[in-house]
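Each value in this text was obtained by applying a stated rule to the coordinates, not by laboratory testing. No experiment lies behind these values; they were computed from the predicted model shown. Using ideal geometry, Cβ is built from the backbone for each residue, glycine included, and neighbour counts are taken over all protein chains shown.
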Amino acid sequence: MNTAVFARWVGEIDRTVRAEKERLTRLDAAIGDADHGANLERGFRAVTQALADDEPATPGALLRLVGSTLIRKVGGASGPLYGTAFLEAGKALGETPQVSVTELTRALEAGLAGIQRLGAAVEGDKTMVDALAPAIRALAGAAREGAGRREALDAAASAAVAGAEATIPMLARKGRASYLGPRSVGHEDPGAASAALMLTALCTAAAASDEPREG
Amino acid sequence: MNTAVFARWVGEIDRTVRAEKERLTRLDAAIGDADHGANLERGFRAVTQALADDEPATPGALLRLVGSTLIRKVGGASGPLYGTAFLEAGKALGETPQVSVTELTRALEAGLAGIQRLGAAVEGDKTMVDALAPAIRALAGAAREGAGRREALDAAASAAVAGAEATIPMLARKGRASYLGPRSVGHEDPGAASAALMLTALCTAAAASDEPREG
Amino acid sequence: MKKLINSVDSVVTDALRGLASAHPGLRVDRESRVVSRASGPRAGKVGLVSGGGSGHEPLHAGFVGHGMLDAACPGEIFTSPVPDQMITAATAVNGGAGVLYIVKNYTGDVLNFELAAELCADEGIEVASVLVDDDVAVRDSLHTAGRRGTGATVFVEKIAGAAAEGGAALPEVARVAEEVNARSRSFGVALSACTTPASGRPTFELGETEIELGIGIHGEPGRSRATMRGARELVTAVMDAIHEDMPLSGDVLVMVNGMGATPLIELYVVFAEVAEYLSGKGARVARSLVGDYVTSLDMRGFSVTVCLLSEELTRLWDAPVETPALRWGR
Amino acid sequence: MKKLINSVDSVVTDALRGLASAHPGLRVDRESRVVSRASGPRAGKVGLVSGGGSGHEPLHAGFVGHGMLDAACPGEIFTSPVPDQMITAATAVNGGAGVLYIVKNYTGDVLNFELAAELCADEGIEVASVLVDDDVAVRDSLHTAGRRGTGATVFVEKIAGAAAEGGAALPEVARVAEEVNARSRSFGVALSACTTPASGRPTFELGETEIELGIGIHGEPGRSRATMRGARELVTAVMDAIHEDMPLSGDVLVMVNGMGATPLIELYVVFAEVAEYLSGKGARVARSLVGDYVTSLDMRGFSVTVCLLSEELTRLWDAPVETPALRWGR
Ligand SMILES: Nc1ncnc2c1ncn2[C@@H]1O[C@H](COP(=O)(O)OP(=O)(O)O)[C@@H](O)[C@H]1O
Ligand SMILES: Nc1ncnc2c1ncn2[C@@H]1O[C@H](COP(=O)(O)OP(=O)(O)O)[C@@H](O)[C@H]1O
Ligand SMILES: [Mg+2]
Ligand SMILES: [Mg+2]
Ligand SMILES: [Mg+2]
Ligand SMILES: [Mg+2]
């Protein structure tokens, strides 16, 4: 996947985050403070602006710009967490112009590691980690079994969506939702939901890039 | 009418004010500040207490005690106004032990004069005056035509009730309702309503005293 | 109706208990319902007394202290206090230089303070009274109750208080108080009505986009109903009403006052627009207050009060004040 | 949703405009969203910086000034600020004696301040951080986000501010701040939820007789739902939760804090009961605050914060302070 695919990915995240803003905010209102939708919308608006201002040459540079922009513009818990994730992923990619599924997997693993270093959340704590971790495992697994990029990304996205839904019965141990104790049970974690959106966006972007270009 | 009848009257006002508290408050909420019911309830609770503490010997003394108690306990516009009215009426009665309809009329006229001296309201300003003035005229008229006490008081009460209802279309020129300007139209004035209650209470008290005592 | 109270009848006395334990600088007489300075009267100083219905906190008890009021008489909620309170207060604060009653122009307040003033005179206490009537929402006329006293009360109490603290004689303190009132105008807006404990329901109902323009401080409906709009537009309507009545120019003292349930962040948004409006008129915000000073229980909304400053008034405004709700210089 | 705003996106910047025109003592940088003292940094004085989501006014910008904060970083509503703001603030207030970050314990605030502190270190600014986590409604554990920082933030900012103003070095100021936090506990109650401009609807719905016990300051639901009761009973529940966690005795500093839409008269009723509860435990209200200090937009309700005073803390509490929201001694 080249820089254009990653640019498409970010554009797709920007689009879906705006489309799903209400839902993310509603999820956050139930067990948080009702700003997750607004936070991500603000963040990816800034990201889109940043990508327009200087077009990064490589996928790695692009993801690093996404990360630093999110850290600078979002705030809250998700800002530093998603920001660090994109930053670390970008660092992992270095300056390679073309990213294989295996490289992508390693990059996302680095991103997840960054999130866990900062937030100390493990799977089952009812956070974005519960969507990201299974997604990355699925991606790695599919790659190992020699699946094509398309199936690998589909597997990752489905795993992320399933992981997000799996947060519903969980009792939150990290983030604001943890203040609710038992009352956090029965609600989907907003960050897990947005993480699922991002991986779905990656599929969409990659698929779109597969389509034969006109001319 | 002897002191007992006036004591009965005050007791009857206390009862009806408590019974009608909600309505008076609702009327005051519409064009005032929603406290007229509470004000009068507080006032006549104190009056009942005062009458229990020292039993005044004459109708005049009783009304003066009612007046001073209302002034001391009610506050708001209605406190000084009703208080002064009872005070002036009591003064007009002097120390006579028995009060004729004519004497009562003069006393009430003195009371109304006190209200108008203090509040400078004239008929048509949408105040208690619009219930009291026609009531006293009716009382005087009935007396002049030699009507019995019973009919005279009935006439006064009906005139007061009619006078209160007549405030509905009026535009308020005195009291809080005047702040509403045209928006005060279409609502009954709470003070006019409470004044009508008081004159109705007078009828009831007098009627009760007419009934043949057992034994 | 959910309220943090023990019972409808005990709200005022319970609040006075809290006031007493929160503010050692105040003497709170719950029996006669008078709040005065713990330090007592100062010989030769004019005593300042105000009062009115409760539900407008911090007005008036929150303004008792050095440089402002000597005593406040809290009535029942939205009900003016009774003459007994005012007489007790006057007696308690009289330092021999006489007492000034600061009265908001409402029939009830006026009548009760009048009766009190008469009785004080009988008892040989020299009393002067000043009426505050700054609310431009009310069309004034000889035949009506006149304009309501609202936000300007804070300005009058602070500035007259400074004059009295400075040793001015009763006529002079009264003159200053009247001048502040004469140079001040207010206008209020409600986003929602308030609920008195006694009635238990809102004094009026507003739809999702309805507001009341020209409200007073007793939950009464305003001059007219309008549809909600952005802060800037709303402020323009409010300030136009004030400017129309008293052309705005020069150095002004401005208060953007919350009605009791308005978030402070919104009051600052309003203040920003008020400041821009004023500079548009060539006036300058020389002094200001932003917050809840003259409230109406749990009403949502705000009022703006503007006072055209003079050098004298600015100096008196800046003088030290030490009360629960207003404090600087000491 | 009726709010006094121009647009959902401009609330914070519009409010900052208002803050700037209302308080000449503040320098308001709307570009980088930093509010600092107009007087600038003082050489050799430790700089105090705090910040957090907006919607809690007067926290934090209302506490910038002599004897308290040097700068505040307002984030979006209920969203912690970003590292850039915190770095700009630290740079602006650094008088060469280092900077203390006062951080309310929320994942977002903690992470952003951490990132900022790292970057400050890279730039050679000595930064220490203190976490405020006083809310006993949250059951603490190693595996959770820990307790929320709420009312005690005001105590920490005031007392650490006095220490810094007095010339204490960074480690000493941090020590005092940590001690205040260690000696303080809070518990909050909501009668109604708040509505963020972004979401436009209340963060939760309460019935006519329902309340939330143990709420935080971001409109999140509390520890449990309960039925409304009288002020005394309610206060007993609140104070029991605090007393259970930190036995109350000796001289205490108490704050009865309104959540943003609670009438002051009700807060005084609550304070009366809090004072009685404390004396029942043999504790004494030595110092107190009653009013809106750490709010949650238009939430109706209150929180109580108690700090066990020492002679040192009392002296620092009494030291002069001059900020928009807290002022005495000058
Ligand atoms: N310690 C943590 N580790 C990983 N993710 C976290 C952590 N704390 C919070 N999150 C994620 O952040 C999301 C909330 O983000 P957001 O609402 O934007 O920030 P805030 O909670 O500061 O308002 C949560 O739903 C959760 O998925
Ligand atoms: N100037 C006046 N003259 C006569 N009656 C008046 C005057 N002002 C007010 N009132 C009467 O007082 C009533 C209101 O009484 P109340 O609600 O107890 O006092 P307040 O208006 O101070 O709350 C009005 O309905 C009106 O009838
Ligand atoms: Mg959130
Ligand atoms: Mg009334
Ligand atoms: Mg009244
Ligand atoms: Mg947030």
Gyration tensor verdict on region A:31-147 (Cα atoms; rounded if a/c is under 1.5, prolate if a/b is larger than b/c, oblate otherwise): oblate
Taking the label point 7 Å from Cα in the Cβ direction, how far apart in nm is C:G96 from each other copy of itself, listed shortest first? 5.7
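Summing -39500 (n - 2.57) over the DSSP H runs of n ≥ 4 in chain D and dividing by its residue number, what mean residue ellipticity at 222 nm do you reach, to the nearest 500 deg cm²/dmol? Walk me through the numbers on the way to the answer.
On the way: 8 runs with 106 residues, N = 330.
Value at 222 nm, helices only, nearest 500: -10000 deg cm²/dmol.
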Return the FRET efficiency for the residue pair B:R23, D:R175: r is the Cβ-Cβ distance, R0 is 45 Å, and the value is rounded to the nearest 0.05. 0.10
So the label point sits 7 Å from Cα along the Cα-to-Cβ vector; using that for D:G250, what distances do you get to the other copies, in nanometres, sorted shortest first? 5.6
Region B:47-167: relative contact order as a whole-number percent, Cα under 8 Å and 6+ apart: 19
Ignore the peptide's own chain and count Cβ atoms of other chains within 10 Å of each Cβ in D:272-278; give me the average, rounded. 4
What residue among C:G167, C:G124, C:G40 shows peak mean-square fluctuation when chain C is described by a Gaussian network model with Cα springs under 10 Å? C:G124
Which of rounded, prolate or oblate describes chain D when judged by the alpha-carbon gyration tensor and an a/c cut-off of 1.5? oblate
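How many partner chain Cβ atoms sit within 10 Å of a residue's Cβ in peptide C:144-153, on average, as a whole number?
On the way: counts 8, 13, 2, 1, 2, 0, 0, 0, 0, 0.
Counting Cβ atoms of other protein chains within 10 Å of each residue's Cβ and averaging gives 3.
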Charge dipole of the protein assembly as shown built from unit charges on the beta carbon (Lys, Arg +1; Asp, Glu -1), centred at mean Cα; most positive-end Cα among A:V47, C:G124, D:F113 is C:G124
Expressed in nanometres to one decimal, the distance between label points 7 Å along Cα→Cβ at A:R117 and B:A120 is 8.0
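Summing -39500 (n - 2.57) over the DSSP H runs of n ≥ 4 in chain B and dividing by its residue number, what mean residue ellipticity at 222 nm do you reach, to the nearest 500 deg cm²/dmol? If you can, show how the numbers build up before the last one.
Values: 9 runs with 150 residues, N = 215.
Computed ellipticity for chain B at 222 nm equals -23500 deg cm²/dmol.
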With the label 7 angstrom out along Cα to Cβ, how close does D:E322 come to the same site in each of the other copies, in nm, nearest first? 1.6
The helix B:78-93 Cα axis meets the longest alpha-carbon principal axis of chain B at an angle in degrees, between 0 and 90 and rounded to 10, of 30
Please compute the average number of Cβ atoms from other chains found within 10 Å of each residue's Cβ in peptide A:77-85. 5
Mean-position separation - Cα centroids, region C:130-185 and region A:1-73, in angstrom: 57
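Expressed as a rounded percentage, what relative contact order does region C:231-330 have, with Cα pairs under 8 Å and six or more residues apart? Don't jump to the answer; show the numbers that get you there.
Details: 156 pairs, mean separation 35.2, N = 100.
It rounds to 35 percent for region C:231-330.
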Under 13 Å Cα to Cα from C:K104, which aspartates and glutamates show up? Leave out anything in the same chain fewer than 8 places away. C:E114, C:D133, C:D134, C:D135, C:E157, C:E178
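May I ask you to list the GluC sites (Glu not before Pro) in region C:207-269 that are in a DSSP loop and have at most 10 other Cβ atoms within 10 Å of their Cβ?
Details: sites: C:E208, C:E210, C:E212, C:E233, C:E244, C:E266; in loops: C:E208.
When the GluC sites (Glu not before Pro) of region C:207-269 are filtered for loop state and at most 10 Cβ neighbours within 10 Å, C:E208 remain.
Using the Cα centre of region B:3-209 as the reference point, and only Cβ charges (+1 on K/R, -1 on D/E), how large is the resulting charge dipole? Debye, rounded to the nearest 20.
On the way: 23 positive and 24 negative charges, 56 e Å.
In total the dipole reaches around 280 debye.
Taking each full run of DSSP H in chain C as one helix, which ones are at least 20 Å long along their axis (Cα atoms) and have mean Kyte-Doolittle hydropathy of at least -0.5?
Numbers: long enough: C:107-122 (23 Å, 0.48); C:231-245 (21 Å, 0.11); C:264-280 (24 Å, 1.21).
Helices passing the filter in chain C: C:107-122, C:231-245, C:264-280.
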For the pair D:D318 and A:R45, the simple spin-label estimate (label points 7 Å beyond Cα toward Cβ) gives in nm 5.1
At R0 = 56 Å the Cβ-Cβ FRET efficiency linking C:A286 and D:R201, nearest 0.05, sits at 0.85
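Can you say what percent of the DSSP beta bridges in chain D, counting only those with both residues inside, are antiparallel? Round to 5. It would help to have the intermediate numbers written out before the result.
On the way: 31 of 57 bridges.
Roughly 55 percent of the beta bridges in chain D run antiparallel, per DSSP.
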Provide D:I215, B:I13 in ascending order of the number of other Cβ atoms located within 10 Å of each residue's Cβ, fewest first. B:I13, D:I215
Calculate, in whole percent, how much of the Cα-Cα pair population of the protein assembly as shown lies beyond 44 Å. 42
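Among the DSSP beta bridges whose two residues both lie in the protein assembly as shown, what percent are antiparallel, rounded to the nearest 5? All intermediate terms of the calculation are to be shown ahead of the outcome.
Numbers: 62 of 114 bridges.
The answer is about 55 percent antiparallel.
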Consider a paramagnetic label point 7 Å from the Cα of B:T102 along Cα→Cβ; state which residues of region B:1-31 have an amide N under 19 Å from it. B:1-2
Which entries of D:K2/D:K158; A:K174/D:K2; C:K158/D:K45; A:K126/C:K2; B:K21/B:K174; B:K73/B:K174 show an alpha-carbon separation above 25 angstrom in the structure shown? D:K2/D:K158; A:K174/D:K2; C:K158/D:K45; A:K126/C:K2
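Trypsin sites (Lys or Arg not before Pro) within region D:183-264: which are DSSP loop residues with at most 15 other Cβ atoms inside 10 Å? Mind showing how you got there, number by number?
Values: sites: D:R183, D:R185, D:R223, D:R225, D:R229, D:R232; in loops: D:R183, D:R223, D:R229.
Those that pass, being in a loop and sparsely packed, are D:R229.
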Please find, among residues of chain C, the one with the beta carbon closest to the rotation axis relating it to chain D, distance in whole Å. C:A261, 2
Could you state the angle between the C-alpha long axis of helix A:129-144 and the longest principal axis of the C-alpha atoms of chain A, as a value from 0 to 90 degrees rounded to the nearest 10? 30
For the pair D:D29 and C:E276, how long in nm is the line joining their label points, each one 7 Å along Cα→Cβ? 2.4
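Classify region C:6-116 from the C-alpha gyration tensor, please: rounded if a/c falls under 1.5, else prolate or oblate depending on whether a/b exceeds b/c. Spell out each step's value before the answer.
On the way: a/c = 1.93, a/b = 1.18, b/c = 1.64.
Oblate, since a/c reaches 1.5 and b/c is not below a/b.
Per residue, how big is the convex hull of region B:3-209 when only Cα atoms are used? Give it in Å³. List each step's numbers first, then the result.
Values: hull volume 19.5 nm³, N = 207.
It is 94 Å³ per residue.
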